[in-house]
Amino acid sequence: MKHYLTLIFVLFAFGLKADEEFTRKIKPFLNTYCISCHGPEKQKGKIRFDQLTGSMSDRKEAELWMRMLEAMEFGEMPSDSAKKFPAKAEARLVQGWISRALEAQGLAVEEKRDKEGYGNLVSHELLFSPAENKRTIDVAARLWRITPKALANLLRGARMVSNPFDLEKPHGNFRDFKGKYHFNSLMAEQITELAIAHSDKEAKNARKMIVGLREKGSTIDEANREAIKRHYNTVLRRSPAEKEMESLMALLKKVDAELGIPRGLQAAYAAIILQPETLFRFEGMDGVSDSKLVSLSRRELATSLSYALTDLPLDGNMLRAFENEKMPVRDIIRAEAGRLFEDEKRPYARNRLLQFFQEYFDYQKAEDVFKDQIKGHKHWAPALVYDLDALVMHTLKKDKQVFKTLLTTPEYLIFVNSHRDHGNPLVYNLPPDWKPTPKPVRFPKNQRMGVLTHPAWLVAHSGNFDNDPIRRGHWIRYKLLGGNVPDIPINVDAKLPDDKTMTLRERMHVTRAEECYKCHSKMNPLGLPFELYDHYGRFRFDELDKPVDVTSKIVNTGLPGVDGEVNGPFELIERLANSTHCEQVFTRYVFRFFMGRNETLGDAKTLQEAHKVYAESNGSMKALVISLLSSDSFIYRAKNEEGAASAK
């Protein structure tokens, strides 16, 4: 009874405080920024906010507050046509009040910040605020399933008709995002078959070694134990514990007795592959802990670093490096990451940087966008992707101002004569008799500038038969400005009118409808300047015999030097490339790729230090990545409520 009365008192006290806060802070916010569009005189979307009471006990009002919360998180409200915009601190105060008031009524608010594609919901202003860099890591230990590529590397030499992990082709921001790969019963069955096939081959190879040991005087048990130990080290990069060895030896003897030699060794090898430790990455299992955090063990850090940069199992050099107890782990990580980046014979780490940019700019999709072949022009998307890959690697080799260079460089690498397009350079608006060169080709600044005007990126962010300013603007809103756009409502038929007499900009007038433009205002103005190119990526002056219109107006980004009239893609690109905010957003995406998760406010220190390192190293991508991989966010995990790291 006493606890019940205490609960009633707490809820009552919260209600009084919530009512007071609503009257003193929330109501004035609504009057200033919301009532002009959702009040007695005007009701956009048939919604009124002037009648809200702040009570979450009323179901309909609670639903409206939930809708408002989501709209504010995604920047949907106030709309870009509003006369006044709240400061970010004002908006956060209201969002916090709504969340607390809903939770007090037991109403669940879906938390999307840790889900792929929603990382930008975490306040950029707070992440890069000096006042926030004292926070500690707040993400617990995780359980990862290894990637399809890692599985293929692990079972190299096996006859893999199909990689069972490749059956899932997850889409989204990054292929290696935590939680993107799952494990189901069908995969388990295929992995078992694969393990048996691989172990059959390895067991037969091991027989030669066993015969050799027997000839030198070893017993059959000693030879089998040595064979198991070697395979254990090959797969798991460690020796088996005695208990593990005894279990595998018992399995080997049982199967040999029933099926004959070397079936027992094959079964033992398959059992090693089928262990969870082989197919999953564990964190925080044997790390060192203090009062708040758990440090990953040196072996866990070595594994994480190897997978972060190579998708390969641990190599001997890295294992030995992390076994050096006299050297701090941060110094080991920096040294080993640097070694991998400089390895000329095994350029896996440098290729990982290329993979980041492929997925960040998302230009490899160009190969999946169907285009009709037209007279006088042969479209061959793989050639365009190859050329852009070359440009990225060329920029990474110099490793100076990488982000800005990729956005603004007038130099392209063009290898059209090495592809099936029969040397047709017309996509770059070069003359038909243009002679290929291994050197970069410099374009006038009013024709091409960086990745966003490269034919591969333009094609990847287009439709099959037309440009797509909405898709291009969406990419810029997310990847450069760090913004958000709500998902398309399920009841919306997102199609433009099919009128051959109208330019694409003219057909996009339907997106100006009140219920549409609150979202399209976040994308259309950013994508329309790229109408300077057709959907093959070719520079043009007109569309349907009309001068092409590439003007636009950027509003409500809140960034100095970005908002305002825009007279084409080059002006827009330069504004974004020179923005510190955009460079910080880029740092956030590098974090997500190499950490495999979204950032939280507990990563503020990591992000601020990484961006500082990037700036002080003259825009070195390698320095940025090494800073992230040697950060607290990489090394530590938060404890759960029971005091131990948890797997998510």
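The values are calculated or read from the model by the stated rules, or taken from the named source; none is laboratory data. Here the structure is a predicted model, which is why all the values come from computation and not from measurement. So basically every Cβ, Gly included, is an ideal-geometry build from the backbone, and we count neighbours across all protein chains shown.
Can you name the number of the only condition in (1) surrounded by 12 or more Cβ atoms within 10 Å (Cβ to Cβ); (2) hydrophobic (A, V, I, L, M, F, W, C); (3) in a helix (DSSP H, G or I) that ALA257 fails?
Among (1) surrounded by 12 or more Cβ atoms within 10 Å (Cβ to Cβ); (2) hydrophobic (A, V, I, L, M, F, W, C); (3) in a helix (DSSP H, G or I), the lone unmet condition for ALA257 is (1).
Check LEU384, LEU340, LEU396, LEU407 and return the single one that is buried (at least 19 other Cβ atoms within 10 Å of the Cβ), out of contact with any strand residue (DSSP E or B) (no Cβ under 9 Å at 6 or more places or on another chain) and not assigned by TED's automatic domain parsing to the domain that holds LYS445.
When all the criteria are applied, what remains is LEU340.
Filter the range 128-159 for residues that are among the hydroxyl-bearing types (Ser, Thr, Tyr) and assigned by TED's automatic domain parsing to the domain that holds VAL235 and give the result.
THR147
Listed here are the residues, each with its yes/no results for (1) over 15 Å from LEU155 (Cβ atoms); (2) in contact with a Leu (Cβ under 8 Å, 6 or more places away or on another chain); (3) not polar (S, T, N, Q).
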| site | (1), (2), (3) |
| --- | --- |
| THR192 | no, yes, no |
| ILE196 | no, no, yes |
| LYS229 | yes, no, yes |
| ILE273 | no, yes, yes |
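Hey, among the residues in the range 85-113 that are in a helix (DSSP H, G or I) and among the charged types (D, E, K, R), which one's modelled with the highest pLDDT?
Only one residue tops the list, namely ARG100.
Given LEU186, LEU213, which one is farther than 30 Å from SER304 by Cα, surrounded by fewer than 19 Cβ atoms within 10 Å (Cβ to Cβ) and of a type in the set (A, V, I, L, M, F, W, C)?
LEU213
Is there any pair linking a residue in the range 137-162 that is of a type in the set (Lys, Arg) and surrounded by fewer than 16 Cβ atoms within 10 Å (Cβ to Cβ) to one that is assigned to a helix (DSSP H, G or I) and modelled with pLDDT of 85 or more, with Cβ under 7 Å and at least six apart or on different chains, and which?
ARG159/ALA197
Within the range 597-609, count every residue that is crowded, with 22+ Cβ neighbours inside 10 Å and either of a type outside the set (D, E, K, R) or in a helix (DSSP H, G or I) (or both).
Within the range 597-609, residues that are crowded, with 22+ Cβ neighbours inside 10 Å and either of a type outside the set (D, E, K, R) or in a helix (DSSP H, G or I) (or both) number 5.
Looking at the range 28-46 only, could you name the residues that are without any contact (Cβ under 8 Å) to a residue 24 or more places away in the chain and out of contact with any Lys or Arg (no Cβ under 8 Å at 6 or more places or on another chain)?
Result: PRO28, LEU30, ASN31, ILE35, GLU41, LYS42, GLN43, LYS46.
How many residues are among the charged types (D, E, K, R) and crowded, with 18+ Cβ neighbours inside 10 Å when one looks only at the range 610-631?
1
Based on what the data block shows, is ALA349 within 25 Å of SER462 (Cα to Cα) and either under 31 Å from the mean Cα position of the chain (by Cα) or surrounded by fewer than 21 Cβ atoms within 10 Å (Cβ to Cβ) (or both)?
So ALA349 fails the test.
So is SER297 among the hydroxyl-bearing types (Ser, Thr, Tyr) and in contact with a Ser or Thr (Cβ under 8 Å, 6 or more places away or on another chain) or not?
no
For the range 299-349, give me each residue that is closer than 21 Å to MET285 by Cβ and of a type in the set (A, V, I, L, M, F, W, C).
LEU301, ALA302, LEU305, ALA308, LEU314, MET318, LEU319, ALA321, PHE322, VAL329, ILE332, ILE333
Can you confirm whether ARG214 is of a type outside the set (A, V, I, L, M) and touching a residue at least 24 places away in the same chain (Cβ under 8 Å)?
Numbers: of a type outside the set (A, V, I, L, M): yes; touching a residue at least 24 places away in the same chain (Cβ under 8 Å): no.
No; evaluated as a whole, the condition is false for this residue.
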